[in-house]
Amino acid sequence: MVHHFYDICTMLLSLFKKKIQPDLSFIAVDMHSHLLPGIDDGLQDIEKTISFMQDLHAVGYKKFICTPHILNGVHNNSPETILPVLDNVRALLKERNIPILVEAAAEYMVDDSFEELVKSDRPLLIFGRNNILIEMSYMAPSPNLYQVIFDLKMKGLNPILAHPERYNYYHMDFEKYIEIKGRDIFFQVNLLSLSGYYGKQVKKTAEKLSEKGMVEFIGTDMHHDNHLMAFKQLTSSKYLYDLLKNKPLLNTTLL
Ligand SMILES: [Fe+2]
(Lines give C-alpha, C1' and ligand atoms only; values in the text may rest on other atoms or scores of the structure.)
Protein backbone atom coordinates (compact mmCIF):
# COMPACT_ATOMS: atom_id res chain seq x y z
CA MET A 1 0.00 0.00 0.00
CA VAL A 2 2.73 2.44 0.99
CA HIS A 3 4.74 1.51 -2.09
CA HIS A 4 1.67 1.92 -4.27
CA PHE A 5 0.98 5.42 -2.90
CA TYR A 6 4.65 6.29 -3.38
CA ASP A 7 4.57 5.12 -7.00
CA ILE A 8 1.54 7.29 -7.80
CA CYS A 9 3.13 10.35 -6.18
CA THR A 10 6.44 9.94 -8.01
CA MET A 11 4.60 9.39 -11.28
CA LEU A 12 2.62 12.61 -10.84
CA LEU A 13 5.73 14.51 -9.79
CA SER A 14 7.62 13.28 -12.82
CA LEU A 15 5.08 14.91 -15.10
CA PHE A 16 6.29 18.28 -13.86
CA LYS A 17 10.01 17.51 -13.73
CA LYS A 18 12.34 17.72 -16.66
CA LYS A 19 13.60 14.25 -17.52
CA ILE A 20 17.17 13.56 -18.50
CA GLN A 21 18.90 10.53 -19.99
CA PRO A 22 20.13 8.42 -17.05
CA ASP A 23 23.91 7.95 -16.94
CA LEU A 24 25.34 6.21 -13.91
CA SER A 25 28.69 5.44 -15.56
CA PHE A 26 30.42 7.64 -12.97
CA ILE A 27 29.41 4.97 -10.42
CA ALA A 28 30.02 1.98 -12.76
CA VAL A 29 30.11 -0.63 -10.00
CA ASP A 30 27.18 -1.52 -7.79
CA MET A 31 28.60 -3.01 -4.61
CA HIS A 32 25.37 -3.59 -2.69
CA SER A 33 22.46 -5.56 -4.09
CA HIS A 34 20.22 -8.55 -3.55
CA LEU A 35 20.16 -9.58 -7.19
CA LEU A 36 21.40 -13.14 -6.69
CA PRO A 37 18.22 -15.21 -6.87
CA GLY A 38 16.60 -17.30 -4.18
CA ILE A 39 18.93 -16.89 -1.21
CA ASP A 40 17.57 -13.94 0.76
CA ASP A 41 14.70 -11.42 0.62
CA GLY A 42 15.87 -10.10 -2.76
CA LEU A 43 15.13 -11.48 -6.22
CA GLN A 44 13.87 -15.06 -6.39
CA ASP A 45 14.12 -15.91 -10.08
CA ILE A 46 17.30 -16.03 -12.17
CA GLU A 47 15.53 -14.64 -15.26
CA LYS A 48 14.68 -11.58 -13.20
CA THR A 49 18.32 -11.33 -12.07
CA ILE A 50 19.40 -11.17 -15.71
CA SER A 51 16.75 -8.63 -16.67
CA PHE A 52 17.48 -6.36 -13.66
CA MET A 53 21.20 -6.48 -14.48
CA GLN A 54 20.50 -5.62 -18.11
CA ASP A 55 18.33 -2.66 -17.08
CA LEU A 56 21.06 -1.38 -14.78
CA HIS A 57 23.75 -2.09 -17.35
CA ALA A 58 21.82 0.06 -19.83
CA VAL A 59 22.25 3.11 -17.57
CA GLY A 60 25.98 2.70 -17.01
CA TYR A 61 26.68 -0.11 -14.55
CA LYS A 62 29.46 -2.42 -15.69
CA LYS A 63 29.86 -4.64 -12.66
CA PHE A 64 27.66 -5.98 -9.87
CA ILE A 65 29.07 -7.12 -6.56
CA CYS A 66 26.02 -8.89 -5.18
CA THR A 67 25.66 -8.92 -1.41
CA PRO A 68 23.09 -11.38 -0.06
CA HIS A 69 22.17 -10.97 3.61
CA ILE A 70 23.93 -13.06 6.18
CA LEU A 71 21.75 -12.86 9.27
CA ASN A 72 21.86 -15.71 11.75
CA GLY A 73 18.52 -17.54 12.00
CA VAL A 74 16.93 -15.55 9.17
CA HIS A 75 19.28 -15.70 6.19
CA ASN A 76 21.77 -18.44 7.03
CA ASN A 77 24.02 -17.75 4.09
CA SER A 78 27.70 -18.54 3.74
CA PRO A 79 30.20 -18.93 0.89
CA GLU A 80 28.68 -22.43 0.41
CA THR A 81 25.18 -21.05 -0.34
CA ILE A 82 26.22 -17.89 -2.19
CA LEU A 83 29.03 -18.90 -4.54
CA PRO A 84 27.14 -21.66 -6.43
CA VAL A 85 24.36 -19.14 -7.19
CA LEU A 86 26.98 -16.70 -8.45
CA ASP A 87 28.29 -19.45 -10.76
CA ASN A 88 24.77 -20.06 -12.15
CA VAL A 89 24.26 -16.35 -12.90
CA ARG A 90 27.68 -16.05 -14.56
CA ALA A 91 27.01 -19.16 -16.66
CA LEU A 92 23.69 -17.83 -17.93
CA LEU A 93 25.19 -14.41 -18.76
CA LYS A 94 27.98 -16.16 -20.66
CA GLU A 95 25.57 -18.44 -22.49
CA ARG A 96 23.64 -15.39 -23.69
CA ASN A 97 26.75 -13.34 -24.49
CA ILE A 98 25.80 -10.57 -22.08
CA PRO A 99 28.95 -8.60 -21.17
CA ILE A 100 28.20 -7.89 -17.51
CA LEU A 101 30.70 -8.58 -14.73
CA VAL A 102 29.29 -10.18 -11.60
CA GLU A 103 30.94 -10.94 -8.28
CA ALA A 104 29.55 -11.92 -4.92
CA ALA A 105 30.24 -10.87 -1.36
CA ALA A 106 27.70 -10.48 1.45
CA GLU A 107 25.93 -7.99 3.70
CA TYR A 108 26.83 -9.11 7.19
CA MET A 109 24.56 -8.21 10.10
CA VAL A 110 26.69 -7.05 13.02
CA ASP A 111 25.53 -9.33 15.84
CA ASP A 112 27.11 -11.82 18.24
CA SER A 113 27.39 -14.57 15.65
CA PHE A 114 29.17 -12.23 13.22
CA GLU A 115 31.60 -11.20 15.95
CA GLU A 116 32.28 -14.88 16.55
CA LEU A 117 32.74 -15.51 12.80
CA VAL A 118 35.23 -12.64 12.52
CA LYS A 119 37.21 -14.04 15.46
CA SER A 120 37.26 -17.51 13.88
CA ASP A 121 39.35 -18.77 10.97
CA ARG A 122 36.31 -19.32 8.74
CA PRO A 123 36.42 -17.43 5.42
CA LEU A 124 34.66 -14.09 5.00
CA LEU A 125 33.17 -12.84 1.75
CA ILE A 126 35.15 -9.73 0.85
CA PHE A 127 35.52 -7.67 -2.32
CA GLY A 128 37.90 -5.19 -3.94
CA ARG A 129 40.88 -4.44 -1.75
CA ASN A 130 39.78 -6.29 1.39
CA ASN A 131 36.42 -4.54 1.73
CA ILE A 132 33.58 -6.08 3.72
CA LEU A 133 29.99 -4.83 3.85
CA ILE A 134 28.30 -4.74 7.26
CA GLU A 135 24.91 -3.56 8.43
CA MET A 136 23.01 -3.00 11.67
CA SER A 137 19.36 -3.56 12.54
CA TYR A 138 16.92 -0.73 11.74
CA MET A 139 15.51 -1.08 15.27
CA ALA A 140 18.64 -0.55 17.38
CA PRO A 141 22.38 -0.09 16.95
CA SER A 142 24.64 -3.12 17.39
CA PRO A 143 26.24 -2.91 20.86
CA ASN A 144 29.38 -4.58 19.49
CA LEU A 145 29.83 -2.32 16.42
CA TYR A 146 33.13 -0.81 17.58
CA GLN A 147 34.48 -4.18 18.72
CA VAL A 148 33.65 -5.70 15.31
CA ILE A 149 35.22 -2.76 13.44
CA PHE A 150 38.35 -3.25 15.54
CA ASP A 151 38.44 -7.02 14.93
CA LEU A 152 37.96 -6.57 11.17
CA LYS A 153 40.74 -4.01 11.01
CA MET A 154 43.03 -6.35 12.93
CA LYS A 155 42.41 -8.82 10.10
CA GLY A 156 43.44 -6.19 7.56
CA LEU A 157 39.87 -5.67 6.32
CA ASN A 158 38.09 -2.39 5.53
CA PRO A 159 34.55 -2.37 6.88
CA ILE A 160 31.91 -0.51 4.89
CA LEU A 161 28.77 0.38 6.83
CA ALA A 162 25.68 -0.15 4.66
CA HIS A 163 23.08 2.63 4.50
CA PRO A 164 23.96 4.62 7.64
CA GLU A 165 21.21 7.06 6.66
CA ARG A 166 18.59 4.37 7.27
CA TYR A 167 19.40 3.98 10.98
CA ASN A 168 16.59 6.18 12.28
CA TYR A 169 17.93 6.11 15.84
CA TYR A 170 20.83 8.35 14.70
CA HIS A 171 18.75 10.90 12.78
CA MET A 172 18.56 13.33 15.67
CA ASP A 173 22.20 12.80 16.61
CA PHE A 174 24.48 13.55 13.64
CA GLU A 175 27.48 13.54 16.01
CA LYS A 176 27.09 9.76 16.18
CA TYR A 177 27.89 9.50 12.46
CA ILE A 178 31.01 11.58 13.02
CA GLU A 179 31.97 9.33 15.94
CA ILE A 180 31.54 6.15 13.85
CA LYS A 181 33.46 7.69 10.97
CA GLY A 182 36.22 8.41 13.50
CA ARG A 183 36.72 4.63 13.68
CA ASP A 184 38.02 4.85 10.12
CA ILE A 185 35.13 3.09 8.43
CA PHE A 186 33.62 3.67 4.98
CA PHE A 187 29.97 4.67 4.55
CA GLN A 188 27.74 3.39 1.74
CA VAL A 189 24.57 5.33 1.02
CA ASN A 190 21.62 3.84 -0.89
CA LEU A 191 20.73 5.62 -4.11
CA LEU A 192 17.05 5.26 -3.27
CA SER A 193 17.56 7.09 0.02
CA LEU A 194 18.18 10.18 -2.10
CA SER A 195 14.81 9.75 -3.81
CA GLY A 196 12.82 9.88 -0.59
CA TYR A 197 11.82 6.24 -1.05
CA TYR A 198 12.54 5.48 2.62
CA GLY A 199 11.12 8.78 3.91
CA LYS A 200 12.05 12.39 4.42
CA GLN A 201 14.49 11.97 7.34
CA VAL A 202 16.43 9.26 5.51
CA LYS A 203 16.72 11.51 2.46
CA LYS A 204 17.84 14.47 4.58
CA THR A 205 20.45 12.40 6.38
CA ALA A 206 21.76 10.90 3.12
CA GLU A 207 22.10 14.39 1.66
CA LYS A 208 23.88 15.69 4.75
CA LEU A 209 26.34 12.78 4.79
CA SER A 210 27.00 13.33 1.10
CA GLU A 211 27.40 17.09 1.40
CA LYS A 212 29.89 16.64 4.25
CA GLY A 213 32.00 14.25 2.14
CA MET A 214 31.28 11.32 4.46
CA VAL A 215 30.12 8.92 1.72
CA GLU A 216 32.62 6.68 -0.07
CA PHE A 217 30.27 4.26 -1.80
CA ILE A 218 26.83 4.39 -3.40
CA GLY A 219 24.77 1.21 -3.74
CA THR A 220 21.41 0.27 -5.19
CA ASP A 221 20.50 -2.20 -2.40
CA MET A 222 18.12 -3.52 -5.08
CA HIS A 223 15.66 -6.16 -3.82
CA HIS A 224 12.53 -6.10 -6.01
CA ASP A 225 10.38 -4.44 -8.70
CA ASN A 226 9.40 -1.41 -6.59
CA HIS A 227 13.06 -0.62 -6.04
CA LEU A 228 13.78 -0.78 -9.76
CA MET A 229 10.80 1.44 -10.55
CA ALA A 230 11.86 4.07 -7.99
CA PHE A 231 15.47 3.78 -9.21
CA LYS A 232 14.45 4.59 -12.79
CA GLN A 233 12.46 7.58 -11.60
CA LEU A 234 15.37 8.94 -9.54
CA THR A 235 18.06 8.41 -12.14
CA SER A 236 16.14 10.32 -14.78
CA SER A 237 16.13 13.48 -12.64
CA LYS A 238 18.97 16.03 -12.67
CA TYR A 239 18.94 16.31 -8.88
CA LEU A 240 20.93 13.11 -8.39
CA TYR A 241 23.79 14.19 -10.64
CA ASP A 242 23.98 17.66 -9.09
CA LEU A 243 24.22 16.11 -5.63
CA LEU A 244 26.85 13.50 -6.45
CA LYS A 245 28.90 15.53 -8.92
CA ASN A 246 32.48 16.06 -7.72
CA LYS A 247 32.00 13.76 -4.73
CA PRO A 248 34.97 11.47 -4.04
CA LEU A 249 33.15 8.16 -4.59
CA LEU A 250 35.24 4.99 -4.58
CA ASN A 251 32.86 2.75 -6.56
CA THR A 252 34.95 2.94 -9.75
CA THR A 253 38.02 1.65 -7.89
CA LEU A 254 36.19 -1.71 -7.78
CA LEU A 255 36.13 -2.09 -11.55
FE1 LIG B 1 21.04 -4.68 1.57
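Of all the listed residues (L71, L86), the sole one being within 16 Å of the ligand (Cβ to nearest atom) and out of contact with any Gly (no Cβ under 9 Å at 6 or more places or on another chain) is L71. What tally of residues in segment 39-56 results from selecting those that are touching a residue at least 12 places away in the same chain (Cβ under 8 Å) and more than 16 Å from the ligand (Cβ to nearest atom)? Number satisfying all stated conditions: 5. Kindly indicate whether T253 is over 24 Å from D40 (Cα atoms), among the polar types (S, T, N, Q) and exposed (fewer than 15 other Cβ atoms within 10 Å of the Cβ). In short, yes. Might you check whether a residue that is away from the ligand (no atom under 16 Å from the Cβ), surrounded by 19 or more Cβ atoms within 10 Å (Cβ to Cβ) and of a type in the set (A, V, I, L, M) occurs anywhere in segment 89-96? Yes, because at least one residue in segment 89-96 is away from the ligand (no atom under 16 Å from the Cβ), surrounded by 19 or more Cβ atoms within 10 Å (Cβ to Cβ) and of a type in the set (A, V, I, L, M).
Any chance segment 12-35 includes a residue that's more than 15 Å from the ligand (Cβ to nearest atom), modelled with pLDDT under 95, out of contact with any Leu (no Cβ under 7 Å at 6 or more places or on another chain) and among the acidic types (D, E)? No: segment 12-35 contains no residue that is more than 15 Å from the ligand (Cβ to nearest atom), modelled with pLDDT under 95, out of contact with any Leu (no Cβ under 7 Å at 6 or more places or on another chain) and among the acidic types (D, E).
Scanning segment 101-133 for residues that are free of Cβ contacts under 8 Å to residues at least 12 places away in the same chain, in a helix (DSSP H, G or I) and loosely packed, with under 15 Cβ neighbours inside 10 Å returns a single hit, E116. Counting only helices (runs of 4 or more DSSP H) wholly contained in segment 134-250, the ones carrying 3 or more residues that are within 16 Å of the ligand (Cβ to nearest atom) and modelled with pLDDT of 95 or more occupy 225-235.
The values are calculated or read from the model by the stated rules, or taken from the named source; none is laboratory data. These numbers come from a predicted model, not from an experiment. No Cβ is skipped: glycine too gets one built from the backbone with ideal geometry, and neighbour counts run over all protein chains shown.
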